[in-house]
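First the structure, in the form of structure tokens, and then the observations on it.
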Amino acid sequence: MQARRLAPVLAVGMLATGVLVPLTPAAVAAPAAPLPGPGAQQPAWQRCSADKPAAFECASVKVPLDYGAPGGKKIDVAISRLSAADPAKRRGVLLFNPGGPGGDGLDMPLMMRELLPQSVKDRYDLIGFDPRGVGQSAPVRCGLTPEDLVMERPFKERTFARDTALARSFADKCRAKHGADLKHITTRNTARDMDAIRAALGEKKINFFGYSYGTYLGAVYTQLFPRRADRFVLDSAVDPKRAWRADFQLWAPETEKAYARWTRWAAERDAQFGLGATPGAVSKTFWGLVAQANRTPIKVGTTLLDGDEIRARMRPGFFVPSTATESVQVLRDAAAGKPTPELPGLQMDEGFASALWTVSCGDAPWPKDPRTYRKEARRDAARFPLYGDFASHINPCAFWDDNVEPATVVDNRVGALIVHNEWDSQTPLPDGVGLREDMKGARMVLVDEGEGHGVYGSGTSTCAEDLTNTYLLTGRLPARDTTCTPDPAGAQKRRHHTELPFLTSTARAASGATAVR
């Protein structure tokens, strides 16, 4: 366990839970959707589609594009549900978000019903929704080219002008396509949409299960509507204080730590893998492959990869040593001219990329001077050679319009359960620790030496899943922050735990230096 970095979690572990503090200025400023009443919308439920179960229903809720002008333009937010399996035991609604920004959530009830125990499905209507700007909820699509969708670019002095022009072009295309609507596609407004869904469903409170970016969305909801938040599970957390540039930059130092751990792991298994008998020798093997690819790109599968592309594709793998080792073996074989499988790619689809940047740029201020990105990318390339130049490089937010609202400061005592793997590649451990510090009424369940992005449903830790189920069923949080151990490898029962199927959009985002989770 990374004991030194866990100290902040342990320090706050004894705080009382369930006590609401007075609303902060950020919460006071939020226009609130009405509590359920005669004026609330009545969703017109119907079967989602002929190829989906008949019990899976869809509808839409009309919400203001701009909550500061509620009488103005409206947009439709698509919602879905699977009703509680046992109406006699029903206690409310459980909303889901799969991650992103940019992940569509309409099918989440179907996915989550495969993971949740029957006792939870008996008690909750499972509610999915596409966040504004995504899927069927006023989607943002900027008319991007394949070159625009290559988000993961290393900083190079010789290409900085080109990369700056591409970032500017991306922002210009989104502005030309969607105009002033873009500034209202933000996490704060999605949280307000969640409250409008709550009102339309006739509920006084909502329960919520968010993965990755969804933890930030959930945290923002608890800040804006603390008295309407019931049981909130936040899996693979984002630290709101880092949203968003500092969060992207966090990948650089955390990847270096994961890389060092991997070199030790591989060296201990040199007889099996032959990458080097010491951590230094393993590192020499990897960087030798990077150098070779920079001289002459290596054909991996059917794709030619240079050293920069290898660094980008390998970054998340280092958090799971077995995965990293398999990938380096593939690279070594490819460098020797042997046929190999492909390594995971980096390309996003247009809808995801458009929504990702729209929300990320709209949530919080970004530097507007390209020279800031050049300075920080140059600095971080030297400090964190694996990924620092990618993490700090220029992106479309440098050319986005100014934010309509300030970034949300999360500081409350709303009860929530934060679940986190110690070696999460997309939301590294400091993210989970940071959210726990912000949400003083929460409890954190940390999977010691847990690997991969997404805990619940991954088969990583029965202990963590049992605590989550208990919380959803009873509302009882652990008495203090808790550490769980991973299950033995043979007991991981659902799938390999590096990624859950509904986090694939998250992985697409995370494959770019600028993506969230």
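Laboratory data are not the source of any read-out in this text; all were calculated from the coordinates shown. Small disclaimer: the values here were computed from a predicted structure and weren't measured. Every residue, glycine among them, receives a Cβ derived from its backbone with ideal geometry; neighbour counts consider all protein chains shown.
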Let's test the formula: R0 of 35 Å, r as the Cβ-Cβ distance of Asp86 and Ala44. What FRET efficiency results, to the nearest 0.05?
0.90
Taking the range 284-410, how many lysine pairs are there with alpha carbons less than 29 Å apart, if each pair must be eight or more places apart or span two chains?
4
What residues from the range 325-358 fall in the zone where the backbone N is under 18 Å from a label point 7 Å along the Cα-to-C-beta line of Arg295?
331-338
Under a 5 Å amide H to amide H cut-off, with H placed in plane at 1.01 Å, what residues pair with Thr340 once short-range neighbours are removed?
Gly301
Taking loop as defined by DSSP and a crowding limit of 12 other beta carbons within 10 Å, which trypsin sites (Lys or Arg not before Pro) in the range 357-409 fit?
Lys368
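Quick check: from the Cα gyration tensor, does the range 53-106 come out rounded (a/c under 1.5), prolate or oblate?
Working: a/c = 2.31, a/b = 1.81, b/c = 1.27.
Taking the square roots of the gyration eigenvalues as a ≥ b ≥ c, the range 53-106 is prolate.
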Below 8 Å, C-alpha to C-alpha, sequence gap of six or more: please give me the relative contact order for the range 346-480 in percent.
19
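At most 15 other C-beta atoms within 10 Å and a DSSP loop state: those are the exposed GluC sites (Glu not before Pro) I care about. Give me the longest piece of the chain that has none. Before the final figure, lay out each step's value.
Details: sites that count: Glu114, Glu147, Glu342.
Maximal segment without exposed cleavage sites: 148-341.
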Along the three principal axes, how long is the chain when you take its alpha carbons, biggest first, rounded to the nearest angstrom?
70, 52, 48
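How charged is the neighbourhood of Cys58? Take every other residue with its Cβ under 14 Å from the Cβ of Cys58, and add Lys/Arg as +1 and Asp/Glu as -1. Numbers along the way, then the final one.
On the way: positive: Arg47, Lys52, Arg81; negative: Asp51, Glu57, Asp76, Asp104, Asp107, Asp125, Asp130.
Counting the neighbours of Cys58, the net charge comes to -4.
Would you work out if the range 373-479 is rounded, prolate or oblate? Take a ≥ b ≥ c from the square roots of the eigenvalues of the alpha-carbon gyration tensor; rounded if a/c is under 1.5, else prolate when a/b is larger than b/c, oblate otherwise. Don't skip to the end; give the middle numbers.
Working: a/c = 2.93, a/b = 1.64, b/c = 1.78.
Oblate shape, in that a/c is at least 1.5 and b/c is the bigger or equal ratio.
I need to check one value: relative contact order of the range 152-238, counting alpha carbon pairs closer than 8 Å and at least 6 residues apart, in percent. Intermediate values should be presented prior to the final figure.
Numbers: 73 pairs, mean separation 21.4, N = 87.
It comes to 25 percent, rounded to a whole number.
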Viscosity 1.306 mPa s, temperature 10 °C: Stokes-Einstein D of the range 290-370 from its Kirkwood Cα radius, in µm² per second?
108
Percentage relative contact order, the chain, counting C-alpha pairs under 8 Å, at least six apart
20
Count the net charge of all other residues whose Cβ sits under 15 Å from the Cβ of Lys241, scoring Lys and Arg as +1 and Asp and Glu as -1.
-3
What are the radius of gyration and Dmax of the range 82-168, computed over its Cα atoms and given in Å?
20.2, 67
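Rounded, prolate or oblate for the range 206-362? Axes are the square roots of the Cα gyration tensor eigenvalues, ordered a ≥ b ≥ c, and the cut-off for rounded is a/c under 1.5.
Numbers: a/c = 2.84, a/b = 1.98, b/c = 1.44.
Prolate is the answer for the range 206-362, as a/c is 1.5 or above and a/b outweighs b/c.
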